[in-house]
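Below is one structure, written out as structure tokens, with a few remarks after it.
The values are calculated or read from the model by the stated rules, or taken from the named source; none is laboratory data. Being a predicted model, the structure only gives us computed values, none of them experimental. Every residue, glycine among them, receives a Cβ derived from its backbone with ideal geometry; neighbour counts consider all protein chains shown. All accessible areas refer to the heavy atoms of the entire protein, side chains included, with ligands and DNA or RNA removed. Shrake-Rupley method; radii C 1.70, N 1.55, O 1.52, S 1.80 Å.
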Amino acid sequence: AHEIRNPLTGINSYLYAIKKLSGEIADSSALSSFQSCLSGMQSSSDKIESVIRRVMDFSKPTNPKLSPVDINKSIEDALILSAATLRKNNISLTTVMASDLPSCLADSHMIEQVILNLLTNAVHAMSTMKHDKKVEIATRSDTDKILITVSDSGLGVPEEQRFKIFDPFYTTKSDGMGIGLGLCQRIVT
């Protein structure tokens, strides 16, 4: 990651310098074309940086900041962040949140990250479906545990892949990295 990040920093420095120079281009159509190319280059550079950040986060996860947490609140925060994506993909959401949950010693941001990742996977799992796209999130307490269930109406994980889905860098998505479920498992554990 560091060996990729160093040249990437150089590329970003050159992009910044070129953007400043673009103010000297007088021809408006040439300037527009030039700025479009720069924008594409910056976007690609940002994607590389994002991949590096995710790989580094996975390889060196931060320690949780444990405090008493209302699990339902962490889930609701994740749902606010994903509401537009669910709506855009015509996915109906049902929540069945137990109102009597005790506080739980957890890191609310990490719980939110787990829920967001599971929702992202659910959206992907139902991407080819035309109708009946549903996600349900439920919470309940069970003796000394709080249980969170996230389910969707997608086809599910084929049996032959079930033992691999938590392996780092295993993915079935063409644009995936195979980090999400492994990170979720690590956080939950």
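Of Ser29, Ser153, Ser43, the residue with the greatest mean-square motion in the GNM of the chain, using alpha carbon springs below 10 Å, is Ser29. Calculated on C-alpha atoms, the gyration radius of the chain divided by its Kirkwood radius gives an Rg/Rh of 1.07.
The lysines whose alpha-carbon is closer than 22 Å to the alpha-carbon of Lys88, local same-chain residues fewer than 8 away aside, are Lys130, Lys133, Lys134, Lys173.
Summing charges over neighbours of Leu79, with a neighbour being any other residue whose Cβ is under 13 Å away from its Cβ, gives -2 when K and R count +1 and D and E count -1. A simple spin-label model places pseudo-atoms 7 Å from Cα toward Cβ; at Thr95 and Asn63 they are separated by 3.2 nm. Model label points for Leu147 and Ala26, set 7 angstrom from Cα along the Cα-to-Cβ axis, are 7.4 nm apart.
Put the Cα centre of region 144-162 next to the Cα centre of region 66-119 and the gap is 16 Å.
Given a 1.4 Å probe, how much area per residue of the chain is accessible, in Å²?
Numbers: 12730 Å² over 189 residues.
I get 67 Å² per residue for this part.
Proximity of backbone amide H atoms, modeled 1.01 Å from N, is registered between Met97 and Thr139 at under 5 Å, excluding neighbours fewer than 5 places apart on the same chain.
Here the Gaussian network model covers the chain, with springs between Cα atoms less than 10 Å apart; of Glu159, Glu136, Glu76, Glu159 fluctuates the most. Quick one: with all protein chains in place, what share of the accessible area of region 85-189 is carbon or sulfur, to the nearest percent (1.4 Å probe)? Ligands and nucleic acids excluded, carbon and sulfur give 51 percent.
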